[in-house]
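The values are calculated or read from the model by the stated rules, or taken from the named source; none is laboratory data. Note that the coordinates shown come from a computational prediction; the quantities given were computed from them, not determined experimentally. With ideal geometry, Cβ positions are generated from the backbone for all residues, glycine too; neighbour counts draw on all protein chains shown. Quick note on the areas: whole protein, heavy atoms, side chains included, nothing else; ligands and nucleic acids left out. Shrake-Rupley method; radii C 1.70, N 1.55, O 1.52, S 1.80 Å.
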Amino acid sequence: MSSETRFDPASADARWQKAWEGAQTFRADSNSPRPKCFVLEMFPYPSGRIHIGHVRNYTMGDVLARYKRMTGHEVLHPMGWDAFGMPAENAAMEQGVHPGGWTRANIEHMKAQLKRLGFALDWSRELATCEPDYYGHEQALFLDMYAAGLVYRKESEVNWDPVDMTVLANEQVIDGKGWRSGAEVEKRKLNQWFLRITDFAEDLLEGLGTLDHWPDKVRLMQENWIGKSRGLEFSFDLSNGETLPVYTTRPDTIFGASFVAVAPDHPVAQGVAAQNCDAARFIELCKKGGTTAAELETAEKLGFDTGIGARHPFTGAYLPLYIANFVLMDYGTGAIMAVPGHDQRDFEFATRYGLPIPRVVAASLEDADKPFAGEAEAGDGVIVNSGFITGMSVEDAKREVIARIEGEGRGEGKTVWRLRDWGVSRQRYWGTPIPFIHCAGCGVVPAPKSSLPITLPEDVDFQTPGNPLLRHPTWKHVECPKCGAKAERETDTLDTFVDSSWYFLRFASQPADRPFDPEEVARWLPVEQYIGGIEHAILHLLYARFWTRALARMGQIEVKEPFASLFTQGMVTHETYSRRAGEREVFFSPEEVTRTGDGARLEADGSPVTIGRVIKMSKSKKNVVDPDTIIDRFGADAVRWFMLSDSPPERDLPWSEAGIEGCSRFVHRLWRLFGAHDAAAQGEDRPLERKAHQTVAAVAQDIEALGFNKAVARIYELTGAVEKARPSASRSAAIRTLVQLVAPMMPHLAEEAWAAMGQPGMIANAPWPAVDPALLVEDEVTIAVQHMGKLRDTLTAPRGAAKEDLEALALASENLQRSLAGAAVRKVIVVPDRLVNIVT
RNA sequence: GCCCCUGUGGCGGAAUUGGUAGACGCGCUCGACUCAAAAUCGAGUUUCCUACGAAGUGCCGGUUCGAAUCCGGCCAGGGGUACCA
């Protein structure tokens, strides 16, 4: 092979992609005797085009998949499409296209884009959740869950657009208004389908302890989300003769309660409203706005004094009972005892309505009457001003109050979860139809499994807001499976998170007659490495864990946790370019802009634009880079290399033009070096061999830990060392090693070089280079010489030198002696093979 | 609001997990090659300095012989917040 030939990505990429496809190189064989390894990246939503974030995600998975193949594993590395969801319906409304046609065209386009990147994917297992051969099985699983008692219906609130007469997603509520109509959004109750994820709260919490290869932050976030708390449920006697159960996690602060509050939709509030139109008007007011926690928690704290008194169980005093907008019906009992001194929300409320703010926790008994510094104190301390618990610690007081209340038969200690059941009903077309039938006589009846898949009708209209399934002239009209009378199908569809809660099982096996083959699931699951965005840390990952545990409890599979290792990758970011045009800010894409020193100009007319912050690439800010364009310019390998370089994979990666150009230069630099390979070269180069073996070992470690940026740095170092070395057999071996090292990252270049060197077969099937452990350790080390922890000198010593020898060597250093300046040595700290620190 | 994360040269980052801060890459500067440019190759590149050294990992404080790393308190940016996926 000649170094004169330039590496041509355009032809090499296509040639090798065809060769892999022809040989079915990446098809996973369930019957292989090799150890199985399931590498999975979160499947994409087919929005239209592959996003650079996808490229980063799938490149990481691909490097691991290819590396695992090289180390003797049978790898399952599949790809599919999370194909149901809102954007398809939005496209239907805006462009008059059909959601199905739009989605399938997007899949077609994005699949071609992915193929250009040379990913080692088993395309024979491709799936799309919007196809009946996927969602029909999902309907069957939903019926199984219903039979197992994990599905039920209840009323729950949605965002309601009173002008468009339609349910809005949280994303579609902007500043409390509907995104299309601009109407003030209201909360409205609907009867909806729920999954009993709370039945698994304890299991899901405990299971976190077994997930050793998950990031701590994700486990912590899930733990907080599940939110197990031990508290007290007890009842207030009300002045109107009723009793009101409340729940609190701080029974120790019970003497600090200065009012009691119920949620606006609490029965007590409803009862008051029935007789008091001011109360009714207040509850109406609380209905304004959306349903999100962030909105509820940051809204101004508002209340309505019912005039009812609630009798304190210990002091006998009557506390005012309010209806308050910040009390949630979904948590605890929908009613609280409010302790303004030690809960910030209660503090704000009490301040607004002039209610007392007693102190019942303080740093010490002496501080019992210390005033508050403008905010509640939620921290630990000693109980004060609290009758029989005064002087106790917070924990002791909790126990004591629970015991006393239980003894008096007024309530009981109770474990409460923050986790709520999973509402899966969506009043939308483009999702999995929920397989139930409503019959006037028989009630809610499950659709017979023989009727699955219940497919979506094709002839639907999106010009009117609301659910097209509900409006469809014929689709919902069916016979009741029980009594044969005229009945109606359920017109809600399933949350798309359901689709992504079991797709990994379908990847492992794809029988036509059932959702999965349990034996194949046992072979491939759990997923050895799951990779995706941190934005899925809670919802998707918790739902997938729940679904897996539910199927295990139902006896359908053995595995309890779907993902053995999880890696959450950062986003790809880019600076924004914009200009003010009156009220609005207009954004420009990087392609429309030229950077000039410290500014930027429009290419079209040279007018200046403002360079904004580096943020996540998004269509609305136009700071996106199209993968196709850069693959055209630099080839797949340079793009892949850039995705792995520099930024640690868990952190954000700022896209830069200069960065990708540097990567492209490195591809060609490697090609030139590979061209210098001489199979007949003679002679040994021990230091280079050492470097090569050390690099192989370190890169392997880095890839297994997904520390791709570090692997890249080491490959740069070895490349430099090989370039500088004189020709020898060792150097030729190092060049072959280098080809193997970059094979998972730059597969096209590696195949091309492998073939040119006359190596047998494709490098995709070659093994990872072997390491000679004897070459990994250096026999000399550099020792730091410090005085009071400050570096004064370095010296070279044999590895494993005795402490005394190192101390003597250090004390002989002139630089050290100058720093000591005759001071008496009080102590010498020697860390073998690392440093000597003299303390004076 | 609440939960979680991040912060190191001009830029992306490394640092054997408490032990020589700035590996490696980008950019920039100088040089070689060239009629010239590109490409390529070589050297340099934290700041200050009276050239001995000193300071330095968002800010303030603490623990330690020794702190980017541990602890406490702030600041800034990001992710999630249950109907975006």
If we take segment A:141-258, then strands (runs of 3 or more DSSP E) inside it with 1 or more residues that are more than 13 Å from RNA strand B (Cβ to nearest atom), open to solvent by 70 Å² or more (accessible area, probe 1.4 Å) and free of Cβ contacts under 8 Å to residues at least 40 places away in the same chain are A:243-248
Test: residue in segment A:477-493 that is within 30 Å of A:Asp459 (Cβ to Cβ), touching a residue at least 40 places away in the same chain (Cβ under 8 Å), within 16 Å of RNA strand B (Cβ to nearest atom) and among the charged types (D, E, K, R):
yes
Restricting segment A:773-808 to residues that are open to solvent by 80 Å² or more (accessible area, probe 1.4 Å), in a helix (DSSP H, G or I) and within 14 Å of A:Asp833 (Cβ to Cβ), the one nearest to RNA strand B (Cβ to nearest atom) turns out to be A:Lys803
Of the conditions (1) in a loop (DSSP other than H, G, I, E, B); (2) surrounded by fewer than 21 Cβ atoms within 10 Å (Cβ to Cβ); (3) not acidic (Asp, Glu), the single one that A:Pro744 does not satisfy is (2)
In the set A:Leu718, A:Leu706, the lone residue that is within 30 Å of A:Met757 (Cβ to Cβ) and not in a helix (DSSP H, G or I) is A:Leu706
Across (1) within 16 Å of RNA strand B (Cβ to nearest atom); (2) touching a helix residue (DSSP H, G or I) at 6+ places or on another chain (Cβ under 8 Å); (3) open to solvent by less than 20 Å² (accessible area, probe 1.4 Å); (4) among the small types (Gly, Ala, Ser), A:Ala12 clears everything bar (1)
Residue set A:Arg640, A:Arg665, A:Arg690, A:Arg672; condition of a type in the set (D, E, K, R), within 14 Å of RNA strand B (Cβ to nearest atom) and either farther than 23 Å from A:Thr737 by Cβ or in contact (Cβ under 8 Å) with a residue 24 or more places away in the chain (or both); output residue A:Arg672
When (1) open to solvent by 60 Å² or more (accessible area, probe 1.4 Å); (2) assigned to a strand (DSSP E or B) are applied to A:Glu406, the one that fails is (2)
In the set A:Gly423, A:Gly334, A:Gly381, the lone residue that is within 16 Å of RNA strand B (Cβ to nearest atom) and open to solvent by less than 10 Å² (accessible area, probe 1.4 Å) is A:Gly334
Here the residues within segment A:77-99 that are away from RNA strand B (no atom under 12 Å from the Cβ) and in contact with a Leu (Cβ under 8 Å, 6 or more places away or on another chain) are A:His77, A:Pro78, A:Met79
Flagged in segment A:674-703 as in a loop (DSSP other than H, G, I, E, B) and of a type in the set (A, V, I, L, M, F, W, C), in numbering order, are A:Ala676, A:Ala679, A:Ala680, A:Ala681
For A:Ala310, the lone unmet condition from (1) assigned to a strand (DSSP E or B); (2) open to solvent by 20 Å² or more (accessible area, probe 1.4 Å) is (2)
In the set A:Thr103, A:Thr59, the lone residue that is polar (S, T, N, Q) and in contact with a Cys (Cβ under 8 Å, 6 or more places away or on another chain) is A:Thr103
Within segment A:341-367, the residues that are away from RNA strand B (no atom under 14 Å from the Cβ) and either of a type in the set (Gly, Ala, Ser) or open to solvent by less than 30 Å² (accessible area, probe 1.4 Å) (or both) are A:Gly341, A:Ala350, A:Gly354, A:Leu355, A:Arg359, A:Val360, A:Val361, A:Ala362, A:Ser364
Within segment A:313-331, residues surrounded by fewer than 22 Cβ atoms within 10 Å (Cβ to Cβ) and away from RNA strand B (no atom under 14 Å from the Cβ) come out as A:Pro313, A:Phe314, A:Thr315, A:Gly316, A:Ala317, A:Tyr318, A:Leu319, A:Pro320
